[in-house]
Amino acid sequence: MFSNSTILVTGGTGSFGHRFLPMTLKKHNPAKVIVFSRDEMKQWEMAKLFAGDPRVRFFLGDVRDERRLHRALDGVDYVVHAAATKIVPTAEYNPFECVKTNVNGAMNLIDACIDRGVKRVVALSTDKASSPVNLYGATKLASDKLFIAGNSYSGQRETRFSVVRYGNVMGSRGSVIPFFRSLRDGGVLPITDPRMTRFMISLDQAVELVWHAFEDMIGGEIYVKKIPSMTIGDIAAAVAPDARQEVVGIRPGEKLHEQMIGFEDAPHTFEYPEHYKILPAINGWSDDPRRIKDGVRVAANFTYASDTNPAWMGVCDLEAWIADNATKIGAI
């Protein structure tokens, strides 16, 4: 689908962009991939990794700046929206800044994509957007709603928007695995609560879910990957089996368990072999056969939460993943 097309990735110097670019360039051979982000140093470092590949371009800008987005989107066919303020405590203590990027930035991108005639847009979301208890989750829920409504907002134009939602990306910069690895030599790992559970997904799986969304979307769908859960204690045990675990309590804005689909969304949710799809409640789209395809509607009381998840990752499984990816953990 991407062959000979132009793709732009907002926030493209982050962990997702670092994996999306090489995977997409290798498998789909687009004509151009534009990395749009606001950190010149990260762009400079990333450019060295793709030196000599004329398909990779860099565009300095911020999703808060609609005019800059409008310029960057000239000739772009597909957009992946990965730019976000996403660290939970940071968002709690800097709420205005979080809203400017996650909500205002989404609005700017939607307007610019419609005006520039972009074909399809996939926005990255988070499990924290389902029944949010923190500001980051609330802004991402608002962002999700904006992108869904963008399919009506575009009117007669052909721009279409969808969302992918997933949990903790294993080994990504700022996530729990590299954090625990940085402390393992000290012999003590801080554990918020031994009962705490989280969804676990690899960067490769995250990229593949975005590919699937682009290929499958009609507009307005939220794609939720089926992935395993782990307890925070088991994650710590896999990273540093000899370290002592010290319970320090839940940080401001954190949940004990994460959720990707709440029972309020169950009437509009369909199951597929490897994922779920939440269809829009607006405009009767949740009953649209083009969007449902071969999906099976879930039970009326269905939820998809990290503590009741039927799939679990064991300590040995994570240890094996860490051994295979040791050099990449926390690097991007």
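The values are calculated or read from the model by the stated rules, or taken from the named source; none is laboratory data. Because the structure is a prediction, the values reported are computed rather than measured. When we count neighbours, we look across all protein chains shown, and the Cβ atoms used for this are built from the backbone with ideal geometry, even at glycine.
Below is a table of values for the structure above.
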{"read-out": "Residues that are outside any helix (DSSP H, G or I) and either on the phi > 0 side of the Ramachandran plot or polar (S, T, N, Q) (or both), drawn from region 148-192", "value": "154, 155, 156, 159, 162, 168, 171, 172, 174, 175, 187, 192"}
{"read-out": "Filter result (more than 16 Å from residue 3 (Cβ to Cβ), surrounded by fewer than 16 Cβ atoms within 10 Å (Cβ to Cβ) and of a type in the set (D, E, K, R)) within region 18-47", "value": "39, 40, 45"}
{"read-out": "Residue match in region 70-86 (condition: surrounded by fewer than 22 Cβ atoms within 10 Å (Cβ to Cβ), among the hydroxyl-bearing types (Ser, Thr, Tyr), out of contact with any strand residue (DSSP E or B) (no Cβ under 7 Å at 6 or more places or on another chain) and part of a helix (DSSP H, G or I))", "value": "no"}
{"read-out": "Matching option when the condition is more than 30 Å from residue 47 (Cβ to Cβ) and either outside any strand (DSSP E or B) or in contact (Cβ under 8 Å) with a residue 40 or more places away in the chain (or both), among 302, 270", "value": "302"}
{"read-out": "Of residues in region 145-174 being surrounded by fewer than 24 Cβ atoms within 10 Å (Cβ to Cβ) and charged (D, E, K, R), the one farthest from residue 285 (Cα to Cα)", "value": "173"}
{"read-out": "Any pair with Cβ under 8 angstrom, 6 or more apart, that starts in region 81-92 at a residue that is within 16 Å of residue 63 (Cβ to Cβ) and ends at one that is at pLDDT below 90", "value": "91/253"}
{"read-out": "Any hit, region 200-223, residues being of a type outside the set (Lys, Arg) and over 21 Å from the mean Cα position of the chain (by Cα)", "value": "no"}
{"read-out": "From the options 251, 291, residue that is of a type in the set (Lys, Arg) and surrounded by fewer than 17 Cβ atoms within 10 Å (Cβ to Cβ)", "value": "251"}
{"read-out": "Residues (surrounded by fewer than 23 Cβ atoms within 10 Å (Cβ to Cβ), within 19 Å of the chain's Cα centre (by Cα) and not hydrophobic (A, V, I, L, M, F, W, C)) located in region 109-143", "value": "120, 131, 132, 134"}
{"read-out": "Top-ranked residue in region 232-247 [being in contact with a Lys or Arg (Cβ under 6 Å, 6 or more places away or on another chain) and not in a helix (DSSP H, G or I); ranked as nearest to residue 316 (Cα to Cα)]", "value": "240"}
{"read-out": "Residue 310 being under 30 Å from residue 184 (Cβ atoms) and either within 20 Å of the chain's Cα centre (by Cα) or in a loop (DSSP other than H, G, I, E, B) (or both)", "value": "no"}
{"read-out": "Residue within region 254-262 that is surrounded by fewer than 17 Cβ atoms within 10 Å (Cβ to Cβ), over 19 Å from residue 138 (Cα atoms) and out of contact with any Ser or Thr (no Cβ under 6 Å at 6 or more places or on another chain) present", "value": "no"}
